[in-house]
Amino acid sequence: MKILVINGPNLNMLGIREPGIYGSENYNTLLEKISAYAEKNGVETCFFQSNYEGALVDKIQEAYGVFDGIVINPGAYTHTSIALLDAVKAVGIPTVEVHISDVSKREDFRQISYIRLGCIASVIGHGTDGYLEAIDILKERSENP
Ligand code: DQA
């Protein structure tokens, strides 16, 4: 099984940005953690991070016919981007939304998630372990469609 892990704006700043909210683990450590977990579970992973909405849309489109699942943390684009929602719907690849922080307990503007409407599940507020849970969800879904 091949899973594409997409991170949106400012997630490359993990470890530096608001550690009280997002923790002290940096982006490279996160990728190593996900890779190790995926490998142990027989899942192949590829990673992509961008601060640009169009680049994220392009990457989702390129995943068509290549990946069996997508894990996406769209960062702030979660709350604004219909284009990302349309992209995941267009490719029809099972997608799980992840948020490191518990957005449900934060500002009002974080209560809207457009991407959620195109996702099979959301993992919210479990720190970076949420990415591992998202892999479990996609794996389970591919084994029991
Ligand atoms: C985030 C939550 C978003 O509201 C925020 O804009 C982010 C990170 C999270 O992982 O908790 O950039 O997606």
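Taking a quarter of the surface of the Cα convex hull of the range 25-145, what do you get in nm²?
Values: hull surface 28.8 nm².
So the Cα hull casts an average projection of 7.2 nm².
Could you run the Karplus curve 6.51 cos²θ - 1.76 cosθ + 1.60 with θ = phi - 60° over the range 67-78 and give me ³J(HN,Hα) per residue in whole Hz, x for Gly and Pro?
10, 8, x, 10, 10, 10, 10, x, x, 5, 5, 3
Taking amide H atoms as placed 1.01 Å from N in the peptide plane, list the residues 5 or more away in sequence, or in a different chain, whose amide H sits under 5 Å from that of residue 71.
4, 5, 6, 96
Measure off, as a whole percent, the carbon and sulfur share of the 1.4 Å-probe accessible area of the chain, all protein chains present. Numbers along the way, then the final one.
Values: 3550 of 7080 Å².
Carbon plus sulfur share of accessible area: 50 percent.
Between residue 46 and residue 141, what is 0.36 nm times their sequence separation minus the Cα-Cα distance? Round to one decimal in nm.
Residue separation times 0.36 nm, minus the Cα-Cα distance, leaves 32.3 nm.
Going Cα to Cα from residue 33, which lysines come in below 20 Å? Please leave out same-chain ones fewer than 8 positions away.
Within the straight-line limit of under 20 Å, residue 33 reaches these lysines: 2, 139.
So what is the accessible area of the range 1-76 per residue, in Å², with the probe set to 1.4 Å?
On the way: 3730 Å² over 76 residues.
On a per-residue basis, 49 Å².
The values are calculated or read from the model by the stated rules, or taken from the named source; none is laboratory data. Remember, predicted model here, so these are calculated numbers, not experimental data. Side chains included, ligands, DNA and RNA excluded: accessible areas come from the protein's heavy atoms. Shrake-Rupley method; radii C 1.70, N 1.55, O 1.52, S 1.80 Å.
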